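> To start, I am sharing the structure in question, which I have written as structure tokens.
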Amino acid sequence: MAYIAGVELGGTTCIAAIAELRQPTKIVASFETETEARPQETLSSLTKFLKEKRTSLGIASYKAIGIASFGPVDLCRSSPTYGFITTTPKEPWRNTDIVGFFKREFDSTPIGFDTDVNAPAMAELAKIEHDPADPPTVVYITVGTGVGVGAAVCGKPLHGLLHLEGGHTMVPPLDGDSYPGGCGFNHGYCVEGMVHSKAIAARAKVSQRELHTLTDDHEVWEKAGYYLGVLCLNVTYLLSPHVIVLGGGILKRRVLFSKARRWFKDLMKGYLEVEKFKTEDGLASYIRGSVFGDSTGIIGALELARKEVCNRN
């Protein structure tokens with residue numbers, strides 16, 4: 001039996017999981033740990049789990065390991081810092097060699113590495129029926145302690161000079177919203193600074209842990225829906241995806257989907273004559289949640305591993 005492993009490095013928690021190569025979305029074992037202040041401790045606990053499960057499965061090695069990481073990260077394979085987390089707001093994790101750590105622990109096992117938003121976009125792509133010669137463009141947006149944007153274009157994760165950092169695109173503030181923005185890099189009115197969990201909590205005058213106590217009709221969700229709608233519209237103008245998938249802890253507040261869609265349509269003002277933008281059902285199929293629910297991130301990591309195997313065969 002051939003197995004692959006996935007590792008999701010998130011801002012709050014990190015997950016390791018194992019699946020059969022032939023069934024990459026069916027997790028057979030997983031492990032979750034908090035994202036500790038010291039990277040060495042977190043990474044060591046993840047690799048310990050994978051090694052123990054490798055032994056219990058009776059296999060010599062995994063066919064590949066996929067790592068989906070928070071960022072920014074260096075994705076340029078020719079760079080001396082390829083596989084590093086770089087200028088992250090999580091200071092203890094800055095300049096951490098993620099790929100190098102796993103290579104040392106797992107010898108010659110192939111490793112796929114990408115952002116924690118590109119990987120879910122790839123996983124969503126794998127579940128959409130399409131002509132292999134003409135794969136759709138999928139954008140994945142996560143909203144939690146930060147805001148990340150990933151994309152799969154022409155069947156591949158979108159990379160450039162670095163990778164997409166759509167959470168830091170600038171947006172006009174909603175009329176009446178006096179919040180100055182809570183971006184850790186002082187970007188002012190960037191999407192992340194206006195809609196991440198810290199910003200929503202600050203407006204509502206509650207702690208981030210208390211956000212779940214707010215009712216759906218609290219005014220803060222209308223503001224959050226506006227900024228998500230602006231982001232989805234900007235993504236549509238720039239990348240013209242076939243679908244935008246929204247995920248992350250904040251999107252567990254399901255009312256945000258309808259609010260984001262409404263603002264998306266209202267702000268577009270009829271500019272794009274696309275049939276699915278004309279109806280609620282069409283918009284619901286365009287801006288939607290993940291088919292994998294809360295497992296999107298780790299399934300994305302496993303998809304990176306599966307693709308790594310395919311690319312080497």
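The values are calculated or read from the model by the stated rules, or taken from the named source; none is laboratory data. Please read all numbers here as calculations on a predicted model, not as lab measurements. We place every Cβ from the backbone using ideal geometry, glycine too, and count neighbours over all the protein chains shown. Calculation scope for accessible area: heavy atoms of the full protein, side chains included, ligands and nucleic acids excluded. Shrake-Rupley method; radii C 1.70, N 1.55, O 1.52, S 1.80 Å.
> Based on the alpha-carbon gyration tensor of the range 1-137 and its eigenvalue square roots a ≥ b ≥ c, which shape applies: rounded if a/c is under 1.5, prolate if not and a/b is larger than b/c, or oblate?
Note, shape of the range 1-137 comes out oblate.
> Around residue 67, under 15 Å between beta carbons, what's the net of Lys plus Arg minus Asp minus Glu among the other residues?
With Lys, Arg at +1 and Asp, Glu at -1, the neighbours total -2.
> If you place +1 on the Cβ of every Lys and Arg, -1 on the Cβ of every Asp and Glu, and leave all else neutral, what size is the dipole of the range 99-160 about its Cα centre, to the nearest 20 Debye?
The dipole of the range 99-160 has a size of about 200 debye.
> What is the chain's relative contact order, in percent, from Cα pairs under 8 angstrom and six or more apart in sequence?
RCO, the chain: 21 percent.
> Enter the accessible area per residue of the range 6-144 (Å², integer; probe 1.4 Å; all protein chains in place).
For the range 6-144, the per-residue accessible area is 45 Å².
> Let me ask another. Can you give me the % of accessible surface on the range 152-211 that is carbon or sulfur? Probe 1.4 Å, all protein chains present, nothing else counted.
Heavy-atom surface of the range 152-211 belonging to carbon and sulfur, 1.4 Å probe: 57 percent.
> To continue, here is another question. For the ranges 24-31, 81-88, what's the packing order if you count other beta-carbon atoms within 10 Å of each residue, average per peptide, and put the highest first?
81-88, 24-31
> Contour minus end-to-end for residue 133 and residue 271, with contour as 0.36 nm per residue of separation and end-to-end as the Cα-Cα distance?
46.7 nm
> Compute the accessible area per residue over the range 190-313, keeping the other protein chains in place, probe 1.4 Å, unit Å².
Accessible surface, normalised per residue, equals 48 Å².
> I would also like to ask the following. Using a probe of 1.4 angstrom, how much of the accessible area of the range 39-114 is carbon and sulfur, in percent?
48 percent
> Kirkwood hydrodynamic radius of the range 160-297 from all distinct Cα pairs, in Å?
15.6 Å
> Past the 25 Å Cα-Cα mark, which pairs from 48/103; 51/307; 53/156; 51/127; 53/307; 103/307?
Beyond 25 Å: 53/156; 51/127.
> How large is the helix-only mean residue ellipticity at 222 nm for the chain, computed as the sum of -39500 (n - 2.57) over DSSP H runs with n ≥ 4, divided by its residue count, in deg cm²/dmol to the nearest 500?
-11000 deg cm²/dmol
> Going through the DSSP H helices of the chain, which span 18 Å or more along their own axis at the Cα atoms while scoring at least -0.5 as a mean Kyte-Doolittle hydropathy?
219-239, 255-268, 296-312
> Could you pull the Cα extents of the range 173-232 along its three principal axes, largest to smallest, in whole Å?
That gives 29, 21, 21 Å along the principal axes, largest extent first.
> Let me ask something else. Less than 21 Å apart at the alpha-carbon level, and either on another chain or at least 8 residues along: which lysines does that give for residue 252?
198, 205, 223
> Using only the Cα atoms of the range 45-124, each taken as one equal point scatterer with no solvent, compute I(q) by the Debye sum, divide by I(0), and report log10 of the ratio at q = 0.23 Å⁻¹.
One equal scatterer on each Cα of the range 45-124 leads to -1.15.
> Next question. How many angstrom separate the Cα center of the range 79-95 from the Cα center of the range 206-224?
Cα centres, the range 79-95 to the range 206-224: 32 Å.
> Where Lys and Arg each count +1 and Asp and Glu each count -1, what net charge lies around residue 159 among other residues with Cβ under 11 Å from its Cβ?
Counting the neighbours of residue 159, the net charge comes to 0.
> Sticking with this structure for a sec: Over the C-alpha atoms of the range 218-307, what are the Rg and the largest Cα-to-Cα span, Dmax, in Å?
Answer for the range 218-307, Rg first and Dmax second: 14.0, 43 Å.
> Moving on. Roughly how many whole Å is it from the C-alpha centroid of the range 242-276 to that of the range 287-313?
Answer, in whole Å: 23.
> Okay, next question. At 0.36 nm per residue, minus the direct Cα-Cα distance, what do residue 170 and residue 48 gain on full extension? Give it in nm, one decimal, please.
Residue separation times 0.36 nm, minus the Cα-Cα distance, leaves 39.8 nm.
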